[in-house]
Amino acid sequence: MSSAPPSYKGHRYPVEIISHCVWLYFRFPLSFREVEELMLERGVLVSHETVRRWCAKFGQAYANSLRRRRPRPGDK
């Protein structure tokens with residue numbers, strides 16, 4: 001079963017910002033509001049609700065790619 005990569009077409013923010021927010025949320029134990037604050041420190045004004053929507057839409061594909069890159073037991 002192959003799935004197409006998620007489409008970022010029609011979103012207000014560039015792909016880099018969306019993927020960075022999703023990465024922050026799934027990689028570290030952060031809340032949506034904490035991701036919002038981290039992005040604000042970088043000069044990007046994004047609401048926690050927008051981050052939540054991005055994580056709902058793009059999060060599964062990102063989480064699957066993280067699992068694929070995880071080292072297998074016994075690998076060195």
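Please order Leu30, Leu40 by the number of other Cβ within 10 Å, starting at the fewest.
Leu40, Leu30
Each residue of segment 47-52 in order: what ³J(HN,Hα) in whole Hz does its phi give by Karplus 6.51 cos²θ - 1.76 cosθ + 1.60, θ = phi - 60°, with x for Gly and Pro?
7, 5, 5, 5, 4, 4
For Arg52, Arg42, which order do you get if you count the other beta carbons within 10 Å of each Cβ and list the fewest first?
Ascending Cβ contact count within 10 Å gives the list Arg42, Arg52.
Averaged across orientations, what area in nm² does the convex hull of the alpha carbons in segment 27-69 project?
3.2
FYI, it's all coordinate maths here, none of it is from the lab. A quick note: this is a predicted structure, and the numbers were derived from the prediction, not measured. Every residue, glycine as well, gets a Cβ built from its backbone with ideal geometry; the counts of neighbours run over all protein chains shown.
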